[in-house]
Amino acid sequence: MRKLAAGNWKMNGMAASLSEVTALLAAHPAPGCEMLLCPPATLVAAMAAQARGSALQVGGQDCHAKLSGAHTGDISAAMLADAGASHVILGHSERRADHGESDEDVRMKTGAAWAAGLVAVVCVGETEAQRDAGQTLAVVGAQLKASLPEGATAANLVIAYEPVWAIGTGRTPTLAEIAEVHGFLRAELTARFGAEAGGMRLLYGGSVKPSNATEIFALADVDGALVGGASLKAADFGAIVAALSAA
Ligand code: PEP
């Protein structure tokens with residue numbers, strides 16, 4: 001399986017930020033892993049144009065569950081694909097928290113992404129209170145089950161395990177904790193989707209940076225990372241790409 005280094009720029013990035021992409025592609029023209037950046041929607045088309053013919057893939061950070069219609073301010077999966085995106089992040093904890101997205105919303109959006117030919121990067125993860133209460137596997141298992149439609153394949157689905165308390169905080173679970181959740185996710189996906197699940201990429205996300213990437217990528221069932229803050233600078237994201245390429 002080709003591993004995946006994915007970056008989520010969140011609500012960061014102006015046209016001038018595309019210089020980071022120029023620098024990233026100059027430093028890593030042929031990485032040993034897949035490389036994906038998900039900029040804000042305003043930059044998807046420009047970044048996709050910049051990335052055309054390169055090793056970089058471009059994705060959105062959300063899409064609507066419907067393909068078109070009267071939904072002011074929203075963006076459809078087909079629009080992302082039309083702008084040059086190949087992927088879309090769905091069910092990020094910030095969307096679940098800020099916009100009240102439910103697992104069912106995520107499941108409908110995932111279906112819409114697939115209908116538009118996009119790879120869905122579906123996020124799951126527990127809060128700190130849920131981890132402290134010993135509910136981590138139950139929470140991510142329930143999210144995984146309810147957020148995915150039938151028909152998931154290694155080609156159309158990537159899962160990102162992102163503990164909510166590790167996002168943007170500089171804190172990460174222990175390596176054993178990450179390995180436990182990833183092994184559990186693989187088993188759950190295998191129980192539902194069979195052998196296909198062996199090829200689904202399971203990303204870890206939450207304060208991944210150049211200094212901790214190598215030890216995280218050495219874990220079984222960690223097939224890459226979803227990176228927030230450290231994806232904004234070519235030097236940091238490039239170092240993570242290099243660590244994954246070497247894993
Ligand atoms: C994220 O936004 O998905 C994320 C993991 O953020 P950070 O790397 O900044 O913790």
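What the table below lists for this structure:
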read-out: Region 179-189 - phi-based ³J(HN,Hα) in whole Hz, Karplus 6.51/-1.76/1.60, Gly and Pro as x; value: 4, 4, 5, 5, x, 5, 4, 4, 5, 5, 5
read-out: For region 13-63, diffusion coefficient by Stokes-Einstein and Kirkwood Rh (Cα), 4 °C, 1.567 mPa s, µm²/s; value: 116
read-out: Built amide H within the under 5 Å cut-off of MET35, gap 5+; value: ALA5, GLN57
read-out: Accessible area of the chain belonging to carbon and sulfur atoms, whole % at 1.4 Å probe; value: 56
read-out: The chain, dipole about Cα centre (Lys/Arg Cβ +1, Asp/Glu Cβ -1), debye to the nearest 20; value: 460
read-out: FRET efficiency estimate (nearest 0.05) - Cβ-Cβ, MET14 to LEU137, R0 41 angstrom; value: 0.55
read-out: Fully extended contour minus Cα-Cα distance, from ALA49 to ASN156, at 0.36 nm per residue; value: 36.3 nm
read-out: Hz values of 3J(HN,Hα) by residue in region 82-89 - Karplus curve (6.51, -1.76, 1.60), Gly and Pro given as x; value: 5, 7, x, 6, 10, 9, 8, 6
read-out: Extension gain from ALA27 to ARG171, taking 0.36 nm per residue of separation minus the Cα-Cα distance; value: 49.0 nm
read-out: Hull volume in cubic angstrom per residue (convex hull over the Cα atoms of the chain); value: 112
read-out: Amide H within-cut-off set for VAL119, under 5 Å, with H built and near neighbours excluded; value: HIS87, VAL88
read-out: Selected from ALA48, ALA77, ALA129 as most flexible by GNM, with the chain as the system and alpha-carbon contacts under 10 Å; value: ALA129
read-out: The chain: relative contact order as a whole-number percent, Cα under 8 Å and 6+ apart; value: 22
read-out: Loop trypsin sites (Lys or Arg not before Pro), region 28-127 (other Cβ atoms within 10 Å of the site Cβ: 10 or fewer; DSSP); value: ARG52
read-out: Whole-angstrom gap from region 98-154 to region 162-183, using each part's C-alpha centre; value: 16
read-out: Other-chain or far-sequence residues with amide H under 5 Å of VAL227's (modelled H); value: ALA6, GLY7, ASN8
read-out: By accessible area with a 1.4 Å probe, ligands and nucleic acids excluded, highest first: order of PHE217, PHE184; value: PHE184, PHE217
read-out: Per-residue HN-Hα couplings for region 112-126 [Karplus 6.51, -1.76, 1.60; θ = phi - 60°; Hz; x = Gly/Pro]; value: 5, 4, 5, 4, 8, x, 8, 7, 8, 9, 8, 9, 9, x, 9
read-out: Cβ-derived FRET efficiency at R0 41 Å, ARG192 paired with SER245, nearest 0.05; value: 0.85
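The values are calculated or read from the model by the stated rules, or taken from the named source; none is laboratory data. Worth saying up front: this structure is predicted, and the values here are computed from it rather than measured. Quick reminder, even Gly has a Cβ in these numbers, built from the backbone with ideal geometry, and neighbours come from all protein chains shown. What goes into the accessible areas is simple: the full protein's heavy atoms, side chains included, and nothing from ligands, DNA or RNA. Shrake-Rupley method; radii C 1.70, N 1.55, O 1.52, S 1.80 Å.
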